[in-house]
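Presented below is the structure to which this report refers.
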Amino acid sequence: MFKRIAILYGLLLPMAMFAQSSYKKATEDQKNEIIAGIKQASAGMKTMACNFTQVKELSFMDEKVTSEGKMWYKQANKIRWEYTKPYTYVFATDGTNIYTNSGNNTVKMPVKSSKLFSEISKVMIGGVSGNGLIDSPDFSTQFNEGDNDYQVVLTPLKKEVKDLFSAIHLYIGKKDYRIHAVDLLEKNGDQTSIRLKNMQINIAVGDEVFIH
């Protein structure tokens, strides 16, 4: 099961530094403004649904692997990642249990059954809402400003996350302070970039979506 979760998250949250050009380090005032903006946007986002495109770059391959799917989020700890192309796979959590589905095989496990599962859930939810990541003591954080967005560079401090990722990059829109893209840099040199598209905020999303 650990292997399935690791593979999924290796596939999860346009390559390297998706968004655009160079970034410069934010001032302390800008940092405080970014944190306040993300917290306000996160607090106001009760639900969210979107499509996503994911590009995976493997250190041992020249070609990039592109996947597509749908994602649902419900405040404060429910999320569902559903891959539709080029394969079907689901990772969902209702905050209490984790559900994975591949074909007709569904596996259910308590989130608290493993520190790793718990940390993965936090990172996945935080990568969508920003909640629990941007000011978490589990990460060292650097805030950067670009032309059209902000970049938040998170360096893991906890072993469970450090064993998976060397860094997590969040890209936040300047207008809405929502996370529109995520880069996951893995210890082995692989990199995954996720772009969220067609975001729908505060639409009706039933709890059954998260118990596949």
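Things to note:
- Residue ID - farthest from LYS74 (Cα to Cα), chosen from residues in the stretch 88-129 that are of a type in the set (A, V, I, L, M, F, W, C) and assigned to a helix (DSSP H, G or I): LEU116
- Qualifying positions in the stretch 188-212 - small (Gly, Ala, Ser), in a loop (DSSP other than H, G, I, E, B) and in contact with a Phe, Trp or Tyr (Cβ under 7 Å, 6 or more places away or on another chain): none
- Some residue of the stretch 162-171 being closer than 22 Å to ILE211 by Cβ and crowded, with 20+ Cβ neighbours inside 10 Å: no
- When the stretch 175-204 is filtered for residues that are among the β-branched types (Val, Ile, Thr), crowded, with 19+ Cβ neighbours inside 10 Å and over 15 Å from VAL55 (Cβ atoms), only ILE179 remains.
- Scanning the stretch 143-187 for residues that are in a loop (DSSP other than H, G, I, E, B) and closer than 20 Å to GLN40 by Cβ returns ASN148, LYS174, LYS175, ASP176, TYR177, ARG178.
- Flag for LYS108 being over 17 Å from the mean Cα position of the chain (by Cα), closer than 20 Å to ILE211 by Cα and either charged (D, E, K, R) or crowded, with 18+ Cβ neighbours inside 10 Å (or both): yes
- Boolean, ALA92 is at pLDDT 80 or above and open to solvent by less than 30 Å² (accessible area, probe 1.4 Å): yes
- Those residues of the stretch 29-85 which are under 28 Å from ASN97 (Cβ atoms), open to solvent by less than 30 Å² (accessible area, probe 1.4 Å) and touching a Phe, Trp or Tyr at 6+ places or on another chain (Cβ under 7 Å), in sequence order: ILE38, ALA41, THR47, MET48, ALA49, SER67, GLY69, MET71, ILE79, ARG80, TRP81, TYR83
- Taken over the stretch 117-154, the criterion of being crowded, with 22+ Cβ neighbours inside 10 Å, under 21 Å from THR27 (Cβ atoms) and small (Gly, Ala, Ser) is satisfied by GLY130 alone.
- Single residue of ASN131, ASN148 found to be among the polar types (S, T, N, Q), modelled with pLDDT under 80 and closer than 19 Å to ASN32 by Cα: ASN131
The values are calculated or read from the model by the stated rules, or taken from the named source; none is laboratory data. Given the structure is predicted, the values throughout are model-derived calculations rather than measurements. Every residue, glycine as well, gets a Cβ built from its backbone with ideal geometry; the counts of neighbours run over all protein chains shown. Ligands, DNA and RNA are excluded from the accessible area calculation, which covers all protein heavy atoms including side chains. Shrake-Rupley method; radii C 1.70, N 1.55, O 1.52, S 1.80 Å.
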